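Here the structure is laid out as structure tokens; the discussion comes afterwards.
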Amino acid sequence: MNNLAKFTIGIFFTLGMAWLAFVVGARSQFGDLVPTSEVLDDDGLVPEDAELFPVAISGMAKQGAEEYAALGCVTCHTQQVRRVEAGFDVERGWGKRPSAPRDYVLQEHVLLGNSRIGPDLANVGLRNYSDEWLHQHLFEPQSIFPSSLCPPSPFLYQQIDEPVITDIKIVSNEVTKETRYVRPTVRANRLVAYLQALKQDYELPEVSFVETEDVSVEEEDVVSTDVSTVSVSAPKWLQDQIDTGKEIYMKASPGGGMCFACHQQNGEGLAGQFPPLAGSDWVLGSKERLIKISMYGLMGEIEVNGVKYNNVMAPPGIPPGSLTDDQIANVLTYIRNDWGNSASAVSAEEVATVRASLKGRAPMQMFTSAELTTPIQ
Amino acid sequence: MSDDSKQIGNLPNDKGFSDEDIVKSHVELSKTKHEPTANFLLAPLVFVFVFGCLIFVCSIQLSHSTNSFQLHPPVEIVELSAEEKESLRLDRKISSGEKIFAARCASCHQTNGLGIEGQFPPLAGSEWVSADSAVIANVILKGLKGEIMVKGKKYGTSAAVNMAAVPITDREIANVSTYVRQAWGNDSTEVFEDEVSRLRDESSDRQDQWIGSELRKMFSDSFSQ
Amino acid sequence: MPADSPDKVIDRSAKLVFSFFLSSAGLWLLTAALLAYVAAAKLTDPFFLASYEFLTYGKIKVAQANAFVYGWGGNSIFAVSLWILARLSQAEVRGSVFLVVAGVIWNLAITFGLLGIMDGHMSGHEMLEMPTEVWPAMLISYLIITFLALVIHRSRQVRETIAPQWFILAALLWFPALFLIAWNGLEINPARGTLQTVLSMWYGQSLVWLWLTPVALGAAYYLIPAILGRTIDKYYLAIFGFWCIAALAPWSVVHHLEGGPVPMWIPAVGTVMSIAMVFPIAVASTNFHATAFLDIGKVWDSLPLRFVIFGTLSYTVSSYIGVVFSLPAVAKITQFTIINEFHFNQRVYGFFSMIIFGAVYFALPRITGREIPKAAKSFHFWTSTLGVLMLLLAYLIGGLTHGVLAGQPSLPWSSSVIQSIQPYFLITKFAFIILAFSQFVFVVNVWRVIFPNPFVYFSANNKEASV
């Protein structure tokens, strides 16, 4: 103890032992994990052509990770599902399985976190939150969860007086029921892309999904608040129209529209094949054009939100082209008011007017894209 | 011990130690050996005992919870027989096919495989599906156009299958075909990846979609009806 | 209190350095107090200052921890350890200019680091959130200060060393080693995956155990005999306690990863070593309390010692609670809850800061020759005690509530779990107000003694330096 050199060697030796274990040892044990397939073949190898997990997140989401780190979200949110015997995480529905070291190997900054004033976010992308919902939550969490302690981030949004359809509607849950529209900045969009990309929805050879009895806790929580936001904002006649429209949208038997078959239940369409309805400039634009398509269908190359599609849309309805004025009004009102869309309703009278104007047109004669490229409203 | 410290510690200076005294008296303390006593010194014994207990508890805890210093948490290892392995492989193939189907086919042919009458032909119970496995694989590879009869009804007046727009691998085709051929009561043979690869090579020159009648002629033996 | 003549010479040599580090530590303490209040206020009202991006809760919380540990902790460690080393070595502080320059660099680095955090350049690694650009400046200035501290130690009059010297020297030497390891593993040669977390967790927690803790223990080992005028009881245990901390603490800190996506042995080893930490904790508390309780009246009479004993008691209690909370069965409930805040604040306020306050109140009159009014010190003691106890109880009870409710999956998160701990956040807000007030009193006490007349100070000091 009296010789400084020996003392120094001593204290560095004790520190060095822990360093050897936690830094050198741990690094050699799992510092070079690579993505792998969900299951290995009989020889314990990754099958050829198998999809590899984890998957690298997109560029946008990657930028979002930096925003997440910079804003200090990690101070209150973890991104790890603990092993079943070590905590309630799986029970709470925060993940289908415990997180494994391999889940994080492609992340530049691993933000496991150590505090949960907010819920775990390792699987936030699996909770079926729409982008709009996440935007609303980022802008003002209290408009969704009144008792949330999550700080609002108004600086990521532009407040808008004359909203267009892609803007996010915020209805404060306070007594005032004040309604505001905000436009996400590019940073907010990055952050949402990142959150949507957070998911551990694959199995790994070392960890499988855990069977649980009830994982619907978190969803209940969300759905109820989501619905309440909508019901606050929509009057009854509109809600009726939306509800009936949704039935038609989803119905695959005579009298239905079966729209979901191509445009999907979530209104997102299919990349490269069927254009989205959610946030679509066509859906939120001219009503007349929408009505025309709903009666006669559409073919040829069109551009939706800057993306080109070239497919054929048979006249909707079962049998094709059979939708009535009422049905068209309802289903169009529905698609203009779900998945974060929010545009004016379509009335049966409007449909009737358009139908009258197309009197001479042969039944089932699909519109071509050229016919419809009138200036967008 | 307190005797010791009194001897050295209670210096005349009532206001406390000077620093020199602190150093010297403590250095002195660490040098003094305990004088032999008649009885045991209780404190060190208790310490040794507690220390022993702790080491015991710690080593039990270590052996229980370190998982033998393995990287991954313990997984139950099940030894499978050859048949079980085979059925597991097929299960995985089919569940992969189910995912592909849901993502890429179900919008028209529907999750229940019944299609939409008059627009999209059914796959459940379809003679086109139960025909030679090359039929379905070819259709997915290049698409299909023209009028066809499926289960006694006419289809093909409007949009046609064209998967070429979005690339799909041979393995995916094999998986999804196998799924379609074994789902909804269908009971046809598995489709293999190398078979699809062969078909892809064979049809690599073809630009257009297949025409229904053409395929039907090529594999007429296998159309049961 | 008149000291011996050599002590006086030493004190005079330490005056500039001590005053500089202490007054900047005071500023950091107030900065941290302000940030702590803002953070606490944001937890009671999320809309508080919500429109300022540089003041998000995540940033403020991190900035507060950094200001506290590196700003207040770092500067006060430099002040106290340089002075104690000088006194125990009976050697003058040399290279004051270099020390002050290094101190200025250190403080600038932290200032820019905190600004960087608020500007959105946070790294997300525990206790290393400051942007990497300032890391070299921190390391270099730290090494200069450590080097000059070693110079003091090398010129000691008595070759043999005693407990306070071991603890302080070890702390001074451990920090750069930890820092370099973390820097290498996170930036220079970055680890992939959760290895990063293992490393940053190890660094962040070791910082408390191997830097703040030993300095405070060293100061207590010095102050208790110096004020009481008696040697440390069962002093022969001290060396055992020291090596136990040295050997066990760096292993024990990773138990926080229990259940996480790392190999199971890492938290398991951490837990086991935490249990073993019972020993060094028992040694330190035996040494301190057996000595103090031999003369408890004197402890009560001497304010510096009152602070120190509060700190050592707090150390004992908090460390034992820490051991209990590291057991897997308990960690299942307490992990990720605001019990973390309890641990952190217990260590940095209840233990480290209290002992440093005691050390400052002991050293400052000797160095400057001016006494701080007893009433002011006493007021500081009682407000600190009240604030710390309020804070810790709120975090402890709140944390247990947090953990128990979170463990019931049927309870929705924000409307049930978080809502039930909100009252505790309100209490912590008031506790932080009390603490801020108390720290303000401390800083005023210190500054009034250091700069009784700011305009005269510098000229007077220059004269002394030239003698």
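The values are calculated or read from the model by the stated rules, or taken from the named source; none is laboratory data. Keep in mind that this is a model prediction, so the values were computed, not measured. Glycine gets a Cβ as well: all are built from the backbone with ideal geometry, and neighbour counts include every protein chain shown.
Filter region C:93-131 down to residues that are of a type in the set (D, E, K, R) and under 19 Å from the mean Cα position of the chain (by Cα) and give me whichever is modelled with the highest pLDDT. Working first, answer last.
First, pick out the residues of region C:93-131 that are of a type in the set (D, E, K, R): C:94, C:119, C:126, C:129.
Filter once more, keeping what is under 19 Å from the mean Cα position of the chain (by Cα): C:126, C:129.
Details: C:GLU126: 86, C:GLU129: 90.
So, considering only residues that are of a type in the set (D, E, K, R) and under 19 Å from the mean Cα position of the chain (by Cα), the one modelled with the highest pLDDT is C:GLU129.
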Region C:270-293, residues that are over 13 Å from C:ASP233 (Cβ atoms) and small (Gly, Ala, Ser): C:GLY270, C:SER274, C:ALA276, C:ALA282
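If a residue must be in a helix (DSSP H, G or I), more than 11 Å from A:CYS150 (Cα to Cα) and within 11 Å of another protein chain (Cβ to nearest Cβ), how many such residues does region C:42-67 contain?
Of the residues in region C:42-67, the ones in a helix (DSSP H, G or I) are C:42-44, C:53-55, C:57-67.
Filter again for more than 11 Å from A:CYS150 (Cα to Cα), leaving C:53-55, C:59-67.
Within this subset, residues satisfying the condition of being within 11 Å of another protein chain (Cβ to nearest Cβ) are C:53-55, C:59-65.
Adding up the residues that qualify gives 10.
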Report yes if some residue within region C:305-320 is touching a residue at least 40 places away in the same chain (Cβ under 8 Å), outside the structural domain of C:THR401 (by TED's automatic domain parsing) and over 23 Å from the mean Cα position of the chain (by Cα); otherwise report no. no
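Going by what's in this entry, would C:PHE78 be described as closer than 25 Å to C:VAL444 by Cβ, touching a residue at least 40 places away in the same chain (Cβ under 8 Å) and either within 14 Å of chain A (Cβ to nearest Cβ) or crowded, with 24+ Cβ neighbours inside 10 Å (or both)?
For C:PHE78, the condition - closer than 25 Å to C:VAL444 by Cβ, touching a residue at least 40 places away in the same chain (Cβ under 8 Å) and either within 14 Å of chain A (Cβ to nearest Cβ) or crowded, with 24+ Cβ neighbours inside 10 Å (or both) - is met.
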Do you know which of the residues in region A:249-263 that are crowded, with 20+ Cβ neighbours inside 10 Å and in a loop (DSSP other than H, G, I, E, B) is modelled with the highest pLDDT? A:CYS259
Give me the helices (runs of 4 or more DSSP H) completely within region C:121-236, filtered to those with at least 3 residues that are away from chain B (no Cβ under 13 Å) and out of contact with any helix residue (DSSP H, G or I) (no Cβ under 8 Å at 6 or more places or on another chain), ordered by residue number. C:135-154
Taking the criterion of being charged (D, E, K, R) and within 12 Å of chain B (Cβ to nearest Cβ), would at least one residue in region A:267-275 satisfy it? yes
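C:SER51 - would you say it is surrounded by fewer than 19 Cβ atoms within 10 Å (Cβ to Cβ) and more than 30 Å from C:THR146 (Cβ to Cβ)?
Details: surrounded by fewer than 19 Cβ atoms within 10 Å (Cβ to Cβ): yes; more than 30 Å from C:THR146 (Cβ to Cβ): yes.
Judged against the criteria, C:SER51 is a match.
Could you check region C:57-74 and list, in sequence order, the residues that are touching a Ser or Thr at 6+ places or on another chain (Cβ under 7 Å) and under 11 Å from A:LEU71 (Cβ atoms)?
Taking region C:57-74 first, the residues touching a Ser or Thr at 6+ places or on another chain (Cβ under 7 Å) are C:57-58, C:61-62, C:67, C:71.
Answer for region C:57-74, where residues must be touching a Ser or Thr at 6+ places or on another chain (Cβ under 7 Å) and under 11 Å from A:LEU71 (Cβ atoms): C:TYR57, C:GLY58, C:VAL62.
Hey, any hits in region C:411-429 for a residue that's assigned to a loop (DSSP other than H, G, I, E, B) and facing chain A (nearest Cβ under 10 Å)?
The first filter runs over region C:411-429 and keeps only residues assigned to a loop (DSSP other than H, G, I, E, B), leaving C:411-412.
Among the residues that remain, those that are also facing chain A (nearest Cβ under 10 Å) are: C:411-412.
The answer is yes; a qualifying residue exists.
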Among the candidates A:ALA193, A:ALA188, A:ALA122, A:ALA197, single out the residue that is assigned by TED's automatic domain parsing to the domain that holds A:ALA65 and touching a His at 6+ places or on another chain (Cβ under 7 Å). A:ALA188
Out of (1) part of a helix (DSSP H, G or I); (2) more than 21 Å from A:LEU52 (Cα to Cα); (3) within 11 Å of another protein chain (Cβ to nearest Cβ), the odd one out for B:ASP91 is which? (2)
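Give the residue that is nearest to C:SER274 (Cα to Cα), with candidates limited to residues of region C:322-340 that are surrounded by 22 or more Cβ atoms within 10 Å (Cβ to Cβ) and of a type outside the set (Phe, Trp, Tyr). It would help to see each step written out before you state the result.
Initial filter on region C:322-340 (surrounded by 22 or more Cβ atoms within 10 Å (Cβ to Cβ)): C:325-326, C:331, C:334-339.
With of a type outside the set (Phe, Trp, Tyr) added as a condition, the list becomes C:326, C:331, C:334-335, C:337-339.
On the way: C:SER326: 7, C:ALA331: 12, C:THR334: 16, C:GLN335: 15, C:THR337: 19, C:ILE338: 20, C:ILE339: 16 Å.
Ranking the candidates gives C:SER326 first.
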Here are A:GLY306, A:GLY285: which of them is more than 10 Å from every other protein chain (Cβ to nearest Cβ) and in contact (Cβ under 8 Å) with a residue 24 or more places away in the chain? A:GLY285
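Confirm whether A:ASN173 is within 14 Å of another protein chain (Cβ to nearest Cβ) and either at pLDDT 75 or above or closer than 28 Å to A:PHE88 by Cβ (or both).
On the way: within 14 Å of another protein chain (Cβ to nearest Cβ): yes; either at pLDDT 75 or above or closer than 28 Å to A:PHE88 by Cβ (or both): yes.
Judged against the criteria, A:ASN173 is a match.
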Against the condition over 29 Å from the mean Cα position of the chain (by Cα), surrounded by 14 or more Cβ atoms within 10 Å (Cβ to Cβ) and assigned to a helix (DSSP H, G or I), how does A:ARG289 come out, does it pass? no
The conditions are (1) more than 27 Å from A:THR8 (Cβ to Cβ); (2) touching a His at 6+ places or on another chain (Cβ under 9 Å); (3) surrounded by 24 or more Cβ atoms within 10 Å (Cβ to Cβ), and C:GLU258 fails exactly one of them. Which is it? (2)
Mind checking whether some residue in region B:53-70 is among the hydroxyl-bearing types (Ser, Thr, Tyr), more than 14 Å from chain A (Cβ to nearest Cβ) and under 27 Å from C:LEU248 (Cβ atoms)? yes
What helices (runs of 4 or more DSSP H) lie completely within region A:1-116 and have 3 or more residues being over 15 Å from B:HIS72 (Cβ atoms) and within 11 Å of chain C (Cβ to nearest Cβ)? A:4-19, A:59-71
